[in-house]
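A short worksheet on the structure shown next.
Each reported figure results from applying straightforward, stated rules to the coordinates on display, with no laboratory input. Note that this is a predicted model, so its numbers are computed, not measured. Please note: Cβ atoms are built from the backbone with ideal geometry, for glycine as well, and neighbour counts cover all protein chains shown.
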């Protein structure tokens with residue numbers, strides 16, 4: 001789980017605008033909420049820009065947003081999620097194994113294979129264990145296959161925790177909030 005904590009100096013920004021007491025707070029709330037929505041979009045762009053091969057919609061859907069209200073001038077952007085199955089990273093079966101593109105370039109995973117399970121789930125798997133078991137089927141003794149396990153890549157919160165992604169995202173939030181707040185305060189001033 002990744003939690004972004006951006007504390008803007010709201011009192012410092014709005015100190016000179018003391019005549020807008022009730023409406024000023026509404027402008028700050030709207031600016032915070034709009035900044036959070038733009039931060040979610042920017043997060044998707046930054047993760048993909050850092051080379052992670054994850055769909056933009058999957059990144060956006062991993063976020064939950066607790067919006068600001070007039071009594072609480074805080075927005076919480078939280079990204080949660082489990083590791084992403086390697087099949088979602090552009091997996092391709094080849095004669096030397098499975099190639100995937102998690103980040104910047106393809107990697108071949110020898111001894112891996114793509115399979116569809118009886119329930120319809122498709123994934124990248126590898127065999128575990130060292131020895132086949134002998135099993136009797138229809139009166140014949142045969143060797144069973146080894147157990148398999150599915151392979152996973154990084155989760156979306158892990159890709160967001162990348163230092164380059166985090167820095168770029170925080171910079172974008174710090175740039176956008178004052179711009180949006182200025183626009184919202186100008187909108188309120190124009191209505192008067």
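Key figures
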item: Relative contact order [Cα under 8 Å, 6+ residues apart], the chain, whole percent; result: 26
item: Length-normalised contact order of the range 86-154 in % [C-alpha pairs under 8 Å, at least 6 apart]; result: 25
item: Peptide ranges 64-71, 41-48 listed from the most packed, as the mean C-beta count within 10 angstrom indicates; result: 41-48, 64-71
item: Value of [θ]222 nm, deg cm²/dmol, for the chain, DSSP H segments ≥ 4, -39500 (n - 2.57) each, nearest 500; result: -12500 deg cm²/dmol
item: Among 146-155, 75-84, the order from most to least packed when residues are scored by Cβ within 10 Å on average; result: 75-84, 146-155
item: Length-normalised contact order of the range 19-90 in % [C-alpha pairs under 8 Å, at least 6 apart]; result: 32
